[in-house]
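**Student:** Got a structure for you, written out below as structure tokens; questions coming shortly.
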Amino acid sequence: AQSVTQLGSHVSVSEGALVLLRCNYSSSVPPYLFWYVQYPNQGLQLLLKYTSAATLVKGINDFEAEFKKSETSFHLTKPSAHMSDAAEYFCAVSEGEGSQGNLIFGKGTKLSVKP
Amino acid sequence: DARVTQTPRHKVTEMGQEVTMRCQPILGHNTVFWYRQTMMQGLELLAYFRNRAPLDDSGMPKDRFSAEMPDATLATLKIQPSEPRDSAVYFCASGPRDSYGYTFGSGTRLTVV
């Protein structure tokens with residue numbers, strides 16, 4: 001069965017610093033992987049997705065993630081944090097094969113950005 | 001931008017009352033999900049539909065929850081009777097055929113007192 005583990009429920013960075021949010025997955029089939037962001041009192045917004053094409057995936061707002069099969073990881077990075085990046089971030093893996101399976105979400109990582 | 005619309009945004013109800021939440025998926029999307037988010041459990045799948053047919057509702061307490069898609073433009077999630085432990089944010093999400101990733105609505109925040 002597929003699962004996702006996000007390391008660190010809270011991450012705090014200074015404005016302008018590198019953002020690194022960690023995600024490890026477990027999957028019995030080639031995974032489809034996703035990062036979503038949730039701002040307060042809003043729904044989840046898709047940041048980026050890995051669908052077995054390029055291992056380095058670029059998303060919105062200068063976020064990117066690298067799929068590393070050997071490490072079963074899909075960490076999210078951004079070179080320079082902005083105050084507006086403060087939100088909760090969820091890593092997810094698609095359940096089963098195919099493009100329209102249920103998403104299994106991690107517990108989320110809350111990102112704080114200090115001025 | 002196309003969006004998934006959920007109503008109501010907030011609902012406060014008394015224990016034992018019926019609650020109905022509605023979702024209008026993006027036009028043309030053929031897959032619709034209902035998720036529940038709580039602090040303790042995070043995001044949990046309740047049910048999902050493809051082409052209006054229920055594919056999986058194993059995450060839903062069958063004795064009190066029901067989910068339907070009466071037509072392609074409306075999905076409903078009903079709780080009867082509601083209990084305080086049902087207090088959560090309920091999200092609807094939809095996705096197009098053969099695509100990856102889904103669009104979420106803004107959620108319905110349910111409080112059962």
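**Student:** With an 8 Å Cα cut-off and a minimum separation of 6 or more residues, compute the relative contact order for chain A in percent. Let's see the in-between values first.
**Tutor:** Working: 295 pairs, mean separation 42.8, N = 115.
Relative contact order comes out at 37 percent.
**Student:** Let me know the mean shielding of A:51-64 by other chains, meaning the per-residue number of their Cβ atoms within 10 Å of its Cβ.
**Tutor:** Averaged over the peptide's residues, the number is 0.
**Student:** Still on this structure, I have one more. Can you list, largest first and rounded to whole Å, the semi-axes you get for the protein assembly as shown by taking the square root of 5 times each eigenvalue of its Cα gyration tensor?
**Tutor:** Values for the protein assembly as shown, descending: 30, 21, 16 Å.
**Student:** Which whole-Hz couplings ³J(HN,Hα) result when phi for each residue of the stretch B:17-27 is put into the Karplus expression 6.51 cos²θ - 1.76 cosθ + 1.60, θ = phi - 60°, listed in order with x for Gly and Pro?
**Tutor:** Rounded to whole hertz, the list is 7, 7, 10, 10, 10, 10, 9, 10, x, 5, 4.
**Student:** Can you give the mean number of other chain Cβ atoms that lie within 10 Å of the Cβ atoms in peptide A:20-33?
**Tutor:** Across the residues of A:20-33, the mean count of other-chain Cβ atoms within 10 Å is 0.
**Student:** Right, next: How much of the DSSP beta bridge set in the protein assembly as shown is antiparallel, as a percent to the nearest 5?
**Tutor:** Details: 71 of 80 bridges.
Here the share of antiparallel DSSP bridges comes out near 90 percent.
**Student:** Would you list A:HIS10, B:HIS29 from the most to the least accessible area, probe 1.4 Å?
**Tutor:** Correct descending sequence by accessible area is A:HIS10, B:HIS29.
**Student:** Compute the orientation-averaged projected area for the stretch B:1-104 from the convex hull of its Cα atoms and round it to one decimal in nm².
**Tutor:** 6.6 nm²
**Student:** Give me a single rounded figure for B:92-105: the average over its residues of other chain Cβ atoms within 10 Å of their Cβ.
**Tutor:** Rounded to a whole number, the mean comes out at 5.
**Student:** Same structure again: Among A:SER52, A:PHE105, A:VAL11, which residue has its Cα furthest toward the positive end of the charge dipole of the protein assembly as shown, with +1 on Lys/Arg Cβ and -1 on Asp/Glu Cβ?
**Tutor:** A:VAL11
**Student:** Students often forget the sequence filter, so: which lysines lie under 19 Å Cα-Cα from A:LYS68 once same-chain residues fewer than 8 apart are removed?
**Tutor:** Counting by Cα, and skipping residues close in sequence, A:LYS68 has these lysines nearby: A:LYS49, A:LYS58, A:LYS78.
**Student:** When Lys and Arg each count +1 and Asp and Glu each count -1, what net charge do the other residues less than 14 Å away from B:TYR102, Cβ to Cβ, add up to?
**Tutor:** Working: positive: A:LYS49, B:ARG3, B:ARG50, B:ARG97; negative: A:GLU95, B:ASP98.
It works out to a net charge of +2.
**Student:** Can you tally the net charge around B:SER66? Count Lys and Arg as +1, Asp and Glu as -1, for every other residue whose Cβ sits under 12 Å from the Cβ of B:SER66.
**Tutor:** Spelling it out: positives minus negatives among the neighbours equals -1.
**Student:** A follow-up question, please. With a 1.4 Å probe and every protein chain left in place, work out the accessible area per residue of the protein assembly as shown in Å², rounded to a whole number.
**Tutor:** Details: 11120 Å² over 228 residues.
Here the per-residue accessible area is 49 Å².
**Student:** If you don't mind, there's one more thing I want to ask. Round to a whole angstrom and tell me the spacing of the C-alpha centers of the stretch A:11-29 and the stretch B:1-61.
**Tutor:** Spelled out, the Cα-based centre of one part sits 28 Å from the other.
The values are calculated or read from the model by the stated rules, or taken from the named source; none is laboratory data. None of the values given here were measured: they were computed from a predicted structure. Note: ideal-geometry Cβ built from the backbone for every residue, glycine included; neighbour counts use all protein chains shown. The area values use the complete protein model at the heavy-atom level, side chains included, leaving out ligands, DNA and RNA. Shrake-Rupley method; radii C 1.70, N 1.55, O 1.52, S 1.80 Å.
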